[in-house]
Every structure is written in structure tokens, then in C-alpha cells.
Amino acid sequence: MEGVDHLAHERNKAQFDVAVMKAVWAGSRDAYELFHRFSRLVANDPEMFIPAIKAQATEEQQKQWLPLANKMKIIGSYTQTELGHGSNVRGLETTATFDPKTDEFVLNSPTLTATKWWPGGLGKIATHALAHARLIIDDKDYGVHGFLVQLRSLDDHLTLPGITIGDIGMKYGSGAYNTMDNGSLIFDHVRIPRNQMLMRLSQVTREGKYVPSNVPRQLSYGTMVYVRQKIVFDASIALSRAVCISTRYSAVRRQFGSHNGSPETQVIDYKTQQARLFPLLASAYAIRFVSEWLNSFYKDLLQRLEAKDFSTLPEAHACTAGLKSITTSVAADGIEECRKLCGGHGYLTSSGLPELSAVYIPACTYEGDNVVMLLQVARYLMKTISQLKSGNKPVGTTAYLGRAEQLMQYHSDVLRAEDWLKPNVVVEAFEARAARMSMACAQNLSKFNNPEDGFQELSADLVEAATAHCQLIIVSKFIEKLQQDIPGKGVKEQLGVLRSIYALFLLHKHIGDFLSTDCITPKQGYLANEQLRSLYSQVRPNAIALVDAFNYTDHFLSSVLGRYDGNVYPKLYEEAWKDPLNDTSIPDGFHEYVQPMLKQPLHHGRL
Ligand SMILES: CCCCCCCCCC/C=C\CCCC(=O)SCCNC(=O)CCNC(=O)[C@H](O)C(C)(C)COP(=O)(O)OP(=O)(O)OC[C@H]1O[C@@H](n2cnc3c(N)ncnc32)[C@H](O)[C@@H]1OP(=O)(O)O
Ligand SMILES: Cc1cc2nc3c(=O)[nH]c(=O)nc-3n(C[C@H](O)[C@H](O)[C@H](O)COP(=O)(O)OP(=O)(O)OC[C@H]3O[C@@H](n4cnc5c(N)ncnc54)[C@H](O)[C@@H]3O)c2cc1C
């Protein structure tokens, strides 16, 4: 029925102020108002190009290029990855050779594997590329730098001489990512003026002298840090969207359990459904809050960089790389789990979930493969530990490693299931687990003569240690969020329940880590699980209101199953009838191919 709220009875169960929770989810009341007025930005916005110019171009270059990019007079593509090299940026093959006679750089793709491959917007639309290439002066290789290269005429959009561009072809699924023209590009001795090398960090003079910057070379990777922290925020949106669909549908869907004609059981009441769904609901909130923190950390980094303070750059890199990795993996896996939680209907395009999944899963790869990113975190952790001996006191997200000795002695003192609700009890267990896993890796690494050999050999363990570290960050930031003043009836209590679910679910999932590092006993692990079950029961009456707090419109969710009013079945049926196959009762080709078979004579009563 139109106009009836089929989920009203669920909404009436809520034990908290949903309006306040909406503001908490949005980040602030102002952010909520803004969000309410404007529909959200499209995630795959190819303006990535602009942050790169801001980060790597001189002020003069910015004055020249940013107005053009902002007014869409030029369309740029961030062109880094090549057919043969993506993760290993230092391995890129494209060259930009300085020609002192003409005061130009000559861009060239020396091999097939040097073909630029993947950049968004490149295939059909971009007029310019921010191309990453090895700077060569007098046969000397100065490593990878950024160059602004015009690709297509601004008059007729035809490619310029020496440039071969194409689209790289269809991608996974049939959905929206195929509307993105990820491109391939070959340079054949393409000339650009010297002032189109982005020279904020290092310069090449008219005489062909290379002037290295007096700032860390890693600043040239700044765009990746910026985009990675955006991607963490994006993960909270993608996961919460899937969770919203799946939670609402789980309250609508009924299976089994009818007695004497009573309705069947709502599938959301099955404990197995809750144990799969509610940790994802909690994860969506956890990722949201850690992204909020990461964004403020990033803003602080920018202020410091302005003041030539580079001290937090390594931590910013480790945090953005690690959290990008963990949160996109959780979101991608979570979306798939949400699809399964919706049973057969989840596989229908009209559920919104297959499309969301197909568009989202490359987040585990782009802007840094997730394993490669965790290995960067592991390097940072190993470096931090190696510096402990020289008295360096770690700060920020690795401060706990400064208490490594104490954490190596730690044994959880949990006696009852409720003890696991205490934030300090949880944090200590997560700190001890992360510290012990990292310390064990550091100890094993020290047995190798060549640290790089050791790093390769132990890389699987290092990835696990990095994961434990990143999970600790997320748990800690959730706890810190709740130390803030949060008004509204029941809001803080509900967030407290979600915080405990998030932490205890992780503990349950990684119980092997906690037991093998001797941080907790099997009995304490059992108590954590017992507490988790009771927390699921506390979330149950609030589940619909907790996803309403995301404040997503039906238009944004694009899902028949996730409709606000829960009016799922008539709409599913209606959607099916929009399938072009239903335009006619006899399908195309029936008369040509199927009917002749049906009309074949029977032999001895058989075909
Ligand atoms: C407007 C934006 C909106 C965004 C909205 C969100 C939605 C986004 C949708 C976007 C869709 C698609 C976008 C996709 C775009 C792309 O994929 S662009 C291509 C991205 N490519 C990568 O990410 C490549 C990954 N590889 C690397 O980053 C590096 O090669 C790697 C870090 C793996 C290794 O670098 P090296 O220099 O070779 O390595 P090391 O020796 O390991 O490191 C040297 C030191 O440098 C430190 N480091 C490394 N990276 C950084 C960094 N980014 N910042 C600061 N520091 C860094 C590293 O820790 C080492 O430090 P140390 O010497 O040990 O102290
Ligand atoms: C949808 C999409 C959009 C993209 N958009 C852009 C764009 O706009 N601009 C751009 O320049 N690029 C873009 N890319 C490219 C993207 O950044 C790279 O694909 C990404 O960085 C991964 O690199 P790769 O493809 O070389 O993977 P590989 O490094 O080849 O990964 C293959 C496997 O090797 C493993 N591996 C690699 N190195 C190591 C190691 N050191 N230790 C252990 N395991 C390792 C990885 O974990 C993975 O399992 C895009 C990619 C996708 C999928």
C-alpha cells in the first residue's frame, strides 16, 4: 500500500533521539543541515586532478592552471599507473627528458609496459594529464615527477600529435564503473614547455640544473594521502548504505515460525542474522568516527606542512594507508554480506546491492592495493620499535608502543562478561595484542642479516600486526568519540552499545591473536562472546532507527529492499515488470529458433 509506513512499529521501538543521532552521524548539526539541503557528491568525481595540482605545483603554476581546471576549461586526469607498474610507483617507466636546446621536456613511453593504464577520465574525456614520469637530465635519472601534458585539442578534442589514447575496456559487472573512461596512453616523444613540470617540490632550471627541494620527497605522494583519507570517509558511506538496505529488509522479511496463523518470524529476529548484521552496523559507525578523526588529523598535517613542520607526515602516511586498507576491505566484504543477508532478492539489481558492490570493490585496489598499504604500516611500526632503543618516545597512534614493556606483561583481568563493557579493559587488550604482534615481528626480523629479506619472509605476519594496529586505532577513536559531550535522549547509550559490539566482534573474530599472544584466556574470550550476544539483543529494538539516522533518501539508496516505508513486495513486483523482457509475451527469436524445435515430429512418442 502506498503511503503506509510498514516499518512504523519498528521505529516506535527506538530508545533514543533519532534526530540527534542524525547530527552525530553527519558530524555536526551544521553538516546535517548542509547534507539535508544538498544531495551527495558523486563518489567517482574525476576532479582528483585538482588536489594534485594544489599539492605539487608552484604558486605561479597554480595561478595558471587552477582557474582553468576549476572552471572546467580543461579536464584533467591523474595519470600515474602503467600497464606494468601500479603499486611500485618508483618503478614507473615513462620518461620526461629535458632538452636544453628548446627548454622543453620530451615525454616518452619506451616500452609497452610503460603505457599509462587505468587513469580515470583519461580514455575519452580528459584534455590534460598530470602524468607521472621519470625525470631525465643529461642521461641522469632523478626519479618520478609530475608533468602537465595537454592530450587533446581544446577546439575539436582530437588527440595531439605523438599521443595515442584509448579506453581500457569493460570492467567488472555491467554497472556504473563502466561509465568511467579509465584510459590507456602512449607518449611518442611529446614535447611540453619546461614550466609544465610541477615544481613546488623540486625544480629544473633553464640551464638544466636539478634543484632538489629541501622538503621530504614523500610530499610528492601528497595527493595519495589526501585521497586515501577521503576514501576512508567514502567507506563509511558505502557500508552504511548496504547496512541500511539490509537492516530494513531484514525487518520486513519473514520466514518460518508461524503458529496458528500468526505471522512468520521477522528474519532480523534470528540470532544468526543479528550476529552477521549488527557488527556491520557497528562497523559503519566505527568507520564514520575514525574518518572524522582522520580528517582532522589530515587538516592538522596541512597546517604543519605550511609551517615546514614535517614531523607528523610519516604517521599521516601510515594512518591513511592503513585505515584506507582496513576500512575498504570491511566495507567491500560487508556489502557482499549484506547481499547474502537479503537472500535471493539481494541478488536482484533492484535491491541496489549488486551495483553497489561492483562499483565499490575496486576501492580495495585503487589508491594503493590493500596489502601493499598494510605493509607500509608494518614498515612504520618496525621503524618505531627499532627507535625505542635510542630513547625515542612514540607519540600519537603508536604511543602505546612506548609502553611495550608493560604491555608484554599484561594479562586481562576480566572476570565477568560485563567487564568487557569497560572501555579501558577493551583498549588494554587491543593494545597488548597489537604491541605483542609487532614486537614478535621485530624480534623475528632481527634474526635476518638483511632486513629486506626478513621483511619479505615475514610479510604475512607483518600484515597481521599492521591489521591489529589499525583495528586498535579504530576502537580507540570510537571510544574517544564517546568521551565527547553528546546530547539527546539515549544517543550516547546506543553509541556505547555499538562501540562494544564493534570491539567485541573484532575480538571474537581474531580470537586466535588474543589467545596466542596470551593477552586473554579462553574463558575471557568466552565471556566476551557472551557479552556480545547480549549486546545484539540491545540493538535489536533500535536497529531501524539506527539506520534511519544515516538519513539516506530512497533515491540515494536506489533499492527496492531498503525503502524507508518497507513496502517491499509490491515494489519488487512493479520493478520486475519494467524488465524489457516483459514488454512482449513472446520473446524475440522464439518463432525463428524455439518454435521449430517444438514443432519437430515425435518419433515413437519421443522427441
Ligand atoms: C577529489 C577526491 C575525492 C575522493 C573521493 C573518494 C572516492 C575516491 C574514488 C576514486 C576512484 C579512483 C581513484 C583511483 C586513483 C588511483 O588509484 S591513482 C594511483 C594510486 N597509486 C598508488 O596508490 C600506488 C601505491 N604505491 C605507493 O604509494 C608507493 O609506491 C609505496 C608507498 C607503496 C612505496 O613507495 P616507495 O617510495 O617506493 O617506498 P618506500 O621505500 O616503501 O617508502 C619510502 C619512504 O616514503 C614513505 N612514504 C611512502 N608513501 C608515502 C606517502 N604517501 N606519504 C608520506 N610518506 C610516504 C615510506 O613510509 C618510507 O618512509 P621511510 O623512509 O621508511 O621513513
Ligand atoms: C577502478 C580503478 C581506478 C583506478 N584509477 C586510477 C587513476 O585514476 N589513476 C591512476 O594512476 N591509477 C588508477 N588505478 C590504478 C591503481 O592505482 C592500481 O591498480 C593500484 O595502485 C594497484 O596496483 P597494481 O594494479 O599494480 O597491482 P599489483 O601491485 O600488480 O598487485 C597485484 C598483487 O600483487 C600484490 N603485491 C604487489 N606488490 C606487493 C608487495 N610489495 N608485497 C606483497 N604483495 C604485493 C598485491 O597485493 C596484489 O595481490 C585505478 C585502478 C582501478 C581498479
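Every number in this text was worked out from the coordinates using simple rules, so none of it is lab data. Small disclaimer: the values here were computed from a predicted structure and weren't measured. Reconstructed Cβ throughout: ideal geometry from the backbone, glycine too, with neighbour counts over all protein chains shown.
In sequence order, the range 136-147 has phi-based couplings of 10, 10, 6, 6, 9, 8, 9, x, 7, 9, x, 9 Hz under the Karplus curve 6.51 cos²θ - 1.76 cosθ + 1.60, θ = phi - 60°, and Gly or Pro positions carry x. Taking other residues whose beta carbon is less than 14 angstrom from the beta carbon of Thr113, and scoring Lys, Arg as +1 and Asp, Glu as -1, yields 0. A Förster radius of 35 Å combined with the Cβ-Cβ distance from Ala440 to Val215 puts the calculated FRET efficiency at roughly 0.50. Taking Lys and Arg as +1 and Asp and Glu as -1, the other residues whose beta-carbon sits under 15 Å from that of Lys140 total -3. Full extension of the chain between Asp369 and Asp309 gives 18.7 nm of extra length, using 0.36 nm per residue less the Cα-Cα distance.
Could you check what % of the DSSP bridge pairs in the chain are antiparallel, to the nearest 5?
Percentage antiparallel, nearest 5: 80.
The Cα center of the range 173-200 and the Cα center of the range 3-34 differ in position by 43 Å.
Simple point charges give the picture: +1 on the Cβ of Lys and Arg, -1 on the Cβ of Asp and Glu, and for the range 223-546 a dipole about the Cα centre of about 640 debye. Residues His259, His128, His85, ranked from the fewest to the most other C-beta atoms within 10 Å, line up as His259, His85, His128. Counting beta carbons within 10 Å around each of Glu575, Glu336, Glu431, Glu207 and listing the fewest first gives the order Glu207, Glu575, Glu336, Glu431.
Applying a threshold of 27 Å to the alpha-carbon distances of Lys54/Lys124; Lys13/Lys571; Lys116/Lys140; Lys230/Lys271; Lys73/Lys140; Lys13/Lys271 flags Lys230/Lys271; Lys73/Lys140 as lying beyond it. The range 499-547 and the range 337-406 have Cα centres lying 20 Å from one another.
Simple point charges give the picture: +1 on the Cβ of Lys and Arg, -1 on the Cβ of Asp and Glu, and for the chain a dipole about the Cα centre of about 800 debye.
Helices in the chain that qualify as membrane-span-like (whole DSSP H runs, Cα extent of at least 18 Å along the helix axis, mean Kyte-Doolittle hydropathy of -0.5 or higher) are 222-252, 271-306, 313-341, 370-388, 423-445, 459-482, 491-509. Each Lys or Arg adds one and each Asp or Glu subtracts one; over the other residues with Cβ under 14 Å from the Cβ of Arg90, this totals -1. Pairs of Cα atoms nearer than 8 Å and 6+ residues apart set the relative contact order; for the chain it is 17 percent. First check a/c for the chain, with a ≥ b ≥ c the square roots of the eigenvalues of its C-alpha gyration tensor; if it is under 1.5, answer rounded, and if not, answer prolate when a/b is larger than b/c or oblate otherwise. The shape class here is oblate. Based on Cα contacts under 8 Å between residues 6+ apart, the range 223-546 shows a relative contact order of 21 percent.
By the count of neighbouring beta-carbon atoms within 10 Å, fewest first, Lys308, Lys489 end up ordered Lys308, Lys489.
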